[in-house]
Amino acid sequence: MARERWSTGLGFILASIGSAVGIGNIWRFPYIVGANGGGAFLLPYLISVFLFGVPLMMLELAVGRHLQTSVGPAFRAIGKRFFPAGVAIVAIVSLILSYYLVVTSWVLAYALFFALQRPVDFDAFTGSFYPLVFFFLSGLIVYATVRSGVRQGLERISRIVIPLLVVILLFLVAFSLLRPGALEGVAYYLAPDVSLLADPMIWGAAFGQAFFSLSVGMGILLTYGSYLEKADLFRNATVIAVADVLIAILAGFMIFPLVFSFGLDPAAGVNLAFVTLPTVFAGIPFGWVLGMLFFAMLFLAALTSAASMLEVPVATVIDLYGYTRQKATLLVFGAIVLLGLPSALSYTGLRLELFGTPLFDLSDYYFGTLGLICSGLIVSIVAGWFVDTEWLFGELGGSPRMQRVYLFLVRYCIPAVLFATLISQVFGIAA
Ligand code: PFF
């Protein structure tokens, strides 16, 4: 059977932006900036995105485009002994998806509750069995998207979602900036505390956030690249990264002015999106419309990211076993729902915990933080060191000097940075 293809270059770029732009941009980025030195954080962040994130994106895209296959078989083609590493990446993405779906489902539930003008209390909500219902519901939407295929599913949904998301975001930003006291929020968000740049933890936070936000190092771009005909990979990776950064920065202009105009605490974490912002919306006339728009936007962003994660194992199963997309999606999705159930149930009445920590929080740390970094390490080492540089540069182009700089970045700098981030994360938790 002929390989599926994007219908146009723009379709591919929108789908990749759909993968990158997610909960990480709209909710995680603003609070990480706020908590890590405000505007000064943008410096390590932009360095990590453009110096490390974009070259790694190009590497993944080049491998997928050249080999025309997904992660498992691509790693096997690079060298038989790398097949288990490819399988490890597929497993990590599946595990990340299993808990990312839980947050996605909370967001969907909030959007619906706001639309019905029913106030939600986070503890009461997560303590009930509603999250389970929404876990299946949002899972089904992601499943239906991937089952519909590259063009009819991933590409079509991103063509609708990305423009819609930008319109909603711009509207919410304009609304927030017009609130009294908005400037105080902007000041908190962006006032640079340059002294913090000497703190290595800030750099670790910037690298971690950049790789998470760009969806890089997870085999997603490798898989998306395998549906490409020839393309300018440098330009594509840059466009995707710029869009991702702009949307993240814009999100902060929406969140902090709102929070400050109500004199609330811009505390980090789950509370900001699920407790603080709903309190804000409850205090504004027609706030339910804003709440509905905000959570609908967050859901759309999460949906396209989750679908891109599901595509990684599905494509590998299709390419390895020759299954139809329908059969592969059903199988993989079934497995991911089972994997996600413990996280989905961890805040409910069942309180699934291990050593006193909810399983959801453990998944977030072990899969979403450590797993993600390990996967980036595997991709950069296997693809950076063991692919044939001749075909790699055939895909990437550039002058011989640029190619040398590129190899240095990909072979030494990116693994070193990822390794340092891994250590800082482990150490940060232990400290
Ligand atoms: N980039 C997504 C976000 O910013 O929410 C999250 C994500 C997607 C992380 C895919 C990892 C991944 F493999």
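Is the shape of the stretch 167-257 rounded, prolate or oblate, going by the alpha carbon gyration tensor and its root eigenvalues a ≥ b ≥ c, with a/c under 1.5 for rounded and a/b larger than b/c for prolate?
oblate
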Inset, instruction - Please provide three numbers in whole Å: the alpha-carbon extents of the chain along the principal axes, with the largest listed first. - result: 60, 49, 45
Inset, instruction - With springs only between Cα atoms under 10 Å apart, run a GNM on the chain and tell me which of 398, 127, 287 wobbles the most. - result: 398
Legend entry - Proxy reagent accessibility, fewest Cβ within 10 Å first, across 160, 96, 247: 160, 247, 96
Legend entry - Local net charge near residue 99, Cβ-Cβ under 11 Å (Lys/Arg +1, Asp/Glu -1): -2
Legend entry - the chain - mean residue ellipticity at 222 nm from DSSP helices (-39,500 (n - 2.57) per run, n ≥ 4, rounded to 500): -22500 deg cm²/dmol
Inset, instruction - Rounded, prolate or oblate: pick one for the stretch 309-430, where a ≥ b ≥ c are the square roots of the eigenvalues of its C-alpha gyration tensor, a/c under 1.5 means rounded, and failing that, prolate if a/b is larger than b/c, else oblate. - result: oblate
Legend entry - In order through the stretch 228-245: 3J(HN,Hα) via Karplus (6.51 cos²θ - 1.76 cosθ + 1.60), integer Hz, x for Gly, Pro: 9, 7, 3, 7, 7, 6, 5, 5, 4, 5, 5, 4, 4, 5, 4, 4, 5, 5
Inset, instruction - Pick out which of 276, 104, 357 has the largest mean-square fluctuation in a Gaussian network model of the chain, springs linking Cα atoms closer than 10 Å. - result: 357
Legend entry - From phi via Karplus (6.51, -1.76, 1.60), per-residue ³J(HN,Hα) for the stretch 150-163 in Hz, x at Gly/Pro: 5, 7, 6, x, 4, 6, 5, 5, 5, 4, 7, 5, 5, x
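Mind checking the stretch 112-157 for chymotrypsin sites (Phe, Trp or Tyr not before Pro) that DSSP puts in a loop (not H, G, I, E or B) and that have at most 15 other Cβ atoms within 10 Å?
Taking the stretch 112-157 and a limit of 15 other Cβ atoms within 10 Å, the loop chymotrypsin sites (Phe, Trp or Tyr not before Pro) found are 129.
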Inset, instruction - Using the Kirkwood radius over Cα pairs, work out the Stokes-Einstein diffusion coefficient for the stretch 210-340 at 20 °C and 1.002 mPa s, in µm²/s as a whole number. - result: 121 µm²/s
Inset, instruction - Please check the chain for the longest run free of trypsin sites (Lys or Arg not before Pro) that are loop-located per DSSP (anything but H, G, I, E, B) and have at most 15 other Cβ atoms within 10 Å. - result: 6-229
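Relative contact order of the chain: what whole-number percent is it, with Cα pairs under 8 angstrom and at least 6 residues apart?
In percent, rounded to a whole number, it is 35.
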Inset, instruction - Compare 284, 202, 17 in a GNM of the chain, Cα atoms joined below 10 Å, and give the one with the largest fluctuation. - result: 284
Inset, instruction - With a ≥ b ≥ c taken as the square roots of the eigenvalues of the C-alpha gyration tensor of the stretch 102-215, please select rounded if a/c is under 1.5 and otherwise prolate if a/b is larger than b/c or oblate if it is not? - result: prolate
Inset, instruction - Sort 361, 232, 244, 319 so the one with the fewest other Cβ atoms within 10 Å of its own Cβ comes first. - result: 232, 361, 319, 244
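Taken together, the values in this text are just the output of simple stated rules run on the coordinates, not laboratory data. Small disclaimer: the values here were computed from a predicted structure and weren't measured. Heads up, the Cβs are rebuilt from the backbone with ideal geometry, glycines too, and the neighbour counts pull from every protein chain shown.
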